[in-house]
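Novice: My structure is below; once you've seen it, I'll send some questions.
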Amino acid sequence: MSPRFFLKLLIIACFVEGISTLVLFGVAMPMKYLAGQPEWVSVVGSLHGLLFIVAVAMFLIGRVLVPLTGRMTILGLVGAVLPFVFLYVDVLLVRILREMPEETS
């Protein structure tokens, strides 16, 4: 797998995982505590957990494959935990992608 292609997948994974965090905190948890519907957290929380593991694994793999700097890897891991940080991380990842040389056949 080429570093550029992997980086594109990482950008998507980071964004999707970040959105799942927002849905968990902004929709599922209020549905549990305000509407008495805990099944929202069960479903969204499980999906978020899977996406979190995928994002963390991809950042660790990206450390070697792309290669991402230690700072970028740590920011990616922080972005997988804190809401809205994923947007900043994705901007940085897109900058890295734009700076990478194009693939030749």
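Since every read-out is calculated from the coordinates, none of them should be taken as a lab result. This structure is a prediction, so every number in the text was calculated from the model and none was measured. Glycine gets a Cβ as well: all are built from the backbone with ideal geometry, and neighbour counts include every protein chain shown.
Novice: Using a Gaussian network for the chain with springs between C-alpha atoms less than 10 Å apart, which of these wobbles most: L34, L47, L77?
Specialist: Of the options given, L34 has the highest mean-square fluctuation.
Novice: Between helix 70-79 and the chain, what is the angle of the helix's C-alpha long axis to the longest principal axis, kept within 0 to 90° and rounded to the nearest 10?
Specialist: The two axes meet at around 20 degrees.
Novice: Once the Cα atoms of helix 85-99 and of the chain are each reduced to a long axis, what angle between those two axes, in degrees from 0 to 90 to the nearest 10, is obtained?
Specialist: 20
Novice: Another question, if that's okay. Within the chain, which is the longest segment that contains none of the GluC sites (Glu not before Pro) sitting in a DSSP loop with at most 11 other Cβ atoms within 10 Å?
Specialist: In short, 1-101.
Novice: Using just the Cα positions, wrap the chain in a convex hull and report its mean projected area in square nanometres, one decimal place.
Specialist: 6.6
Novice: Please determine, in degrees from 0 to 90 and to the nearest 10, the orientation of helix 3-23 with respect to the longest principal axis defined by the Cα atoms of the chain, where the helix direction is its Cα long axis.
Specialist: Between helix and principal axis, roughly 20 degrees.
Novice: For segment 3-98, what's the relative contact order in percent, using C-alpha pairs closer than 8 Å and at least 6 residues apart?
Specialist: Computed over segment 3-98, the figure is 40 percent.
Novice: Then there's this: Less than 15 Å Cβ to Cβ from G76, Lys/Arg counted +1 and Asp/Glu -1: what total charge do the surrounding residues give?
Specialist: +2
Novice: Do the sum for the chain: with -39,500 (n - 2.57) for every DSSP H run of n ≥ 4, divided by all residues, what is the mean residue ellipticity at 222 nm, to the nearest 500 deg cm²/dmol?
Specialist: -25500 deg cm²/dmol
Novice: Quote the charge dipole size of the chain about the Cα centre in Debye, to the nearest 20; the model charges only the Cβ of Lys and Arg (+1) and of Asp and Glu (-1).
Specialist: It comes to approximately 160 debye.
Novice: Given the options P3, V91, G79, identify the residue whose Cα lies farthest towards the positive end of the charge dipole of segment 3-98 (+1 on Cβ of Lys, Arg; -1 on Cβ of Asp, Glu).
Specialist: Value: P3.
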